[in-house]
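**Student:** To start, I am sharing the structure in question, which I have written as structure tokens.
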Amino acid sequence: MELYNLKHPSQVVSFTQAVKLGLGKDRGLFFPKVIPELQDVDSLLALPFVERSKKVIGAWLASELGQDTVDRLVERAFNFELPLVKADTNLYSLELFHGPTLAFKDFGARFMAQCLNELAKSEKINILTATSGDTGAAVADAFYGLDNINVVVLYPKGKISVLQEKMFTTLGDNIHTVAVESDFDACQSLVKQSFEDLDIRDGLHLNSANSINISRLLAQICYYFEAVAQFKQHNEGEPVIAVPSGNFGNLTAGLFAKAMGLPVKRFVAATNSNDTVPRYLDSGDWQPEVTVATMSNAMDVAEPSNWPRVEAIVEAMDWSLADIIGLGVSEADTAESVKALNSAGYLSEPHAAIAALALKQTMSADEKGIFLATAHPAKFNEVVEDILNIDLALPEPLAQVVPKKILSAELPADFGLLKQHLFKVLAD
């Protein structure tokens, strides 16, 4: 598999190199030279999830890694369920929160961890990533205790839920966490600055586990195939799929799946009040505004890093950006959507509720849609309990972290101070 840097197309790397590097020159994203097209998709959709995923990822990686290696990586990474549940009239929820940290990020993080563990061998690797909520827990869990791999997670202090925070800040050992006194975009900027600094990047053998790492996106492609496979067991035609969107890695994976041949009618990019992309799709002007804190905090991203990949896929496939529907949802409408889903018998949290509302507002009466449920409602228990006036029981992974002490360092959004901290905790 060959990939090139979207900013510097002359920089061409293998998958192994892309996984280890994370980002290319000048913060450029790696993008595949060729998007593989699958044959006989109907037969693929009839397979069980893990067996199908081996073939989907094998279409990208078997020529470089060998199919046996791909099979081993998939089997180790994908060992939890992802049910498609009827949530309302003509609406289905793909529940991606049944992994160890109760969020969709488990798919990408676990596959990336297996890739690095396989490909890096005995090399020392230090992973630096930013999280707006769930990435931190998924990455920390996936890499916790692995030899020769350290992880540093930056997150916006006071802007993620306490339970989200405790899921990844209480582990210690090879997991180091930093509460940054700013928003997610500042955390993401600090990560990108670190990759541009040769002292850090080369001196600390730096890698990234954000959705900018191509390995995570390949893993996420697989659950779109599973969504359509389960959908077709009970429905005719192609579904509309709404994606709760923050950094836009999730939508990128969905578009890759469609480009490979997955039958999807269209995608809806659903955001909260941080609606840079919906406004861009409507006006053609890219005008990020200051990040606004919302109840759907994992989507509090004003400058999504993965958007260049979205445009690259559209160009490669000769599609139109007009085929992607963008919709920003207010806080009030988010709460109303949580209530509406609950009235229909489905318990949701704000991120999924935004995607569900986006479907309702953009589908015609004869269409059916799938929205991605990206986190367990209990991860946002305070918000959900307040909206619905109920008490939520905590699942075991959350209940276990409640009494634990947060081990994070605290820093302002200052690159110089972060650099000092990185060398303090990661240098040999």
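**Student:** Stick to the Cα atoms of segment 1-62, pair each with every other, and give me the Kirkwood hydrodynamic radius in Å at one decimal.
**Tutor:** Here the Kirkwood hydrodynamic radius works out to 13.0 Å.
**Student:** With unit charges on the beta carbons (Lys and Arg positive, Asp and Glu negative) and the dipole taken about the Cα centre of segment 135-192, which residue among Val139, Leu190, Val151 sits farthest to the positive side?
**Tutor:** Result: Leu190.
**Student:** Given a 1.4 Å probe and the protein chains all in place, what does the accessible area of Ser408 round to, in Å² to the nearest 10?
**Tutor:** Roughly 30 Å² of Ser408 is accessible to a 1.4 Å probe.
**Student:** Projected onto the charge dipole of the chain (+1 at Lys/Arg Cβ, -1 at Asp/Glu Cβ, origin at the Cα centre), which of Leu327, Thr276, Gln114 gives the Cα projection farthest towards the positive end?
**Tutor:** Checking the options against the dipole of the chain, the answer is Gln114.
**Student:** With springs only between Cα atoms under 10 Å apart, run a GNM on the chain and tell me which of Val139, Val34, Val401 wobbles the most.
**Tutor:** Val34
**Student:** Sorting check: for 8-21, 374-387, which peptide has the highest mean count of neighbouring beta carbons within 10 Å, and how do the rest follow?
**Tutor:** By packing density, highest mean first, the sequence is 374-387, 8-21.
**Student:** I need the Kirkwood Rh of segment 259-355: take the reciprocal of the average 1/r across all distinct C-alpha pairs and report it in angstrom.
**Tutor:** One decimal place: 14.7 Å for the Kirkwood radius.
**Student:** Same structure again: Along the Cα-to-Cβ line of Asp285, 7 Å from the Cα, sits a label point; which residues in segment 295-335 have backbone N less than 18 Å from it?
**Tutor:** Zone members listed by number: 303, 328.
**Student:** Further question on the same structure: In nanometres, what is the gap between the two model label sites at Val12 and Asp414, each 7 Å from Cα along Cα-to-Cβ?
**Tutor:** In this crude spin-label approximation the distance works out to 4.5 nm.
**Student:** Then there's this: Please report the carbon-and-sulfur percent of the accessible area for segment 137-240; probe 1.4 Å, protein heavy atoms only, DNA, RNA and ligands left out.
**Tutor:** The C+S portion of the solvent-accessible surface of segment 137-240 is 40 percent.
**Student:** What is the dipole size for segment 1-131, taken about its Cα centre, with +1 at each Lys and Arg Cβ and -1 at each Asp and Glu Cβ, in debye to the nearest 20?
**Tutor:** Result for segment 1-131 is approximately 580 debye, rounded to the nearest 20.
**Student:** Whole-Å semi-axes of segment 1-148's equivalent ellipsoid, largest first, each the root of 5 times a Cα gyration tensor eigenvalue?
**Tutor:** Whole-Å semi-axes of the equivalent ellipsoid: 26, 21, 17.
**Student:** Sticking with this one: Output the direction-averaged projected area (hull surface divided by four) of the convex hull of the alpha-carbon atoms of segment 283-428, in nm².
**Tutor:** Result: 14.2 nm².
**Student:** Run the accessible area of segment 318-364 with a 1.4 Å probe and give the carbon-and-sulfur part as a rounded percent.
**Tutor:** So the carbon and sulfur contribution to the accessible surface is 49 percent.
**Student:** Can you list the equivalent-ellipsoid semi-axes of segment 153-196, largest first and in whole Å, using the square root of 5 times each Cα gyration tensor eigenvalue?
**Tutor:** Those come to 19, 14, 6 Å.
**Student:** Find how much the distance from Asp366 to Asn235 grows on full extension, using 0.36 nm per residue of separation minus their present alpha carbon separation; answer in nm with one decimal.
**Tutor:** 46.0 nm
**Student:** For segment 111-257, report the convex hull volume of the alpha-carbon atoms normalised per residue, in Å³, without decimals.
**Tutor:** 128
**Student:** Next question. Taking the chain as a Gaussian network, where each spring joins two C-alpha atoms under 10 Å apart, which residue of Asp391, Asp318, Asp300 fluctuates the most?
**Tutor:** Maximum fluctuation in the GNM of the chain, among the listed residues, is at Asp318.
**Student:** Continuing with this model, one more query. May I ask for the Rg/Rh ratio of the chain, computed from Cα atoms with Rh as the Kirkwood radius, given to two decimals?
**Tutor:** Value, to two decimals: 0.93.
**Student:** Based on alpha-carbon positions alone, could you give the equivalent ellipsoid semi-axes of segment 223-280 from the gyration tensor, as √(5λ), descending, whole Å?
**Tutor:** 23, 12, 9
**Student:** Any idea which of Ala18, Ile387, Leu255 is furthest toward the positive side of the dipole for the chain, if Lys and Arg beta-carbons carry +1 and Asp and Glu beta-carbons -1?
**Tutor:** Comparing the listed Cα positions along the dipole, Ala18 ranks first.
**Student:** Kindly provide the pair-distance distribution of segment 114-194 built from C-alpha pairs, with 5 Å bins from 0 and whole-percent values in order of increasing distance.
**Tutor:** Histogramming segment 114-194 at 5 Å steps yields 3, 16, 28, 22, 18, 9, 4, 1 percent.
**Student:** Carbon and sulfur together cover what percent of the accessible area of segment 1-126 at a 1.4 Å probe radius?
**Tutor:** Roughly 46 percent of what the probe reaches on segment 1-126 is carbon or sulfur.
**Student:** Leaving out ligands and nucleic acids, and using a 1.4 Å probe, what accessible area per residue does the chain come to in Å²?
**Tutor:** Value returned for the chain: 37 Å² of accessible area per residue.
**Student:** Okay, moving on. Estimate the FRET efficiency between Lys124 and Ala344 by the formula 1/(1 + (r/R0)^6), using the beta-carbon distance for r and 41 Å for R0, to the nearest 0.05.
**Tutor:** 0.20
**Student:** Would you rank Leu198, Leu171 by solvent-accessible area, highest first, keeping every protein chain in place and using a 1.4 Å probe?
**Tutor:** Sorted by accessible area, descending: Leu198, Leu171.
**Student:** Select from Gly66, Gly158, Gly254 the residue whose mean-square fluctuation is largest in a Gaussian network model of the chain (Cα-Cα springs shorter than 10 Å).
**Tutor:** For the chain, modelled as a Gaussian network with Cα springs under 10 Å, the answer is Gly66.
**Student:** Distance from the Cα centre of segment 248-304 to that of segment 70-124, in angstrom?
**Tutor:** Segment 248-304 and segment 70-124 have Cα centres spaced 21 Å from each other.
**Student:** If you place +1 on the Cβ of every Lys and Arg and -1 on the Cβ of every Asp and Glu, how big does the dipole about the Cα centre of the chain come out, in debye to the nearest 20?
**Tutor:** 700
**Student:** Then there is this: For segment 52-104, what D do you get in µm² per second when you plug the Kirkwood radius from alpha-carbon pairs into Stokes-Einstein at 37 °C and 0.692 mPa s?
**Tutor:** Here the translational diffusion coefficient equals 256 µm²/s.
**Student:** Measuring from centroid to centroid over Cα atoms, what is the spacing of segment 335-364 and segment 1-58 in Å?
**Tutor:** Using only Cα atoms to place each centre, the spacing works out to 32 Å.
The values are calculated or read from the model by the stated rules, or taken from the named source; none is laboratory data. All values reported here derive from a predicted model rather than from experimental measurement. Please note: Cβ atoms are built from the backbone with ideal geometry, for glycine as well, and neighbour counts cover all protein chains shown. The protein model used for the area step is the full one, side chains on, heavy atoms only, and it has no ligands, DNA or RNA in it. Shrake-Rupley method; radii C 1.70, N 1.55, O 1.52, S 1.80 Å.
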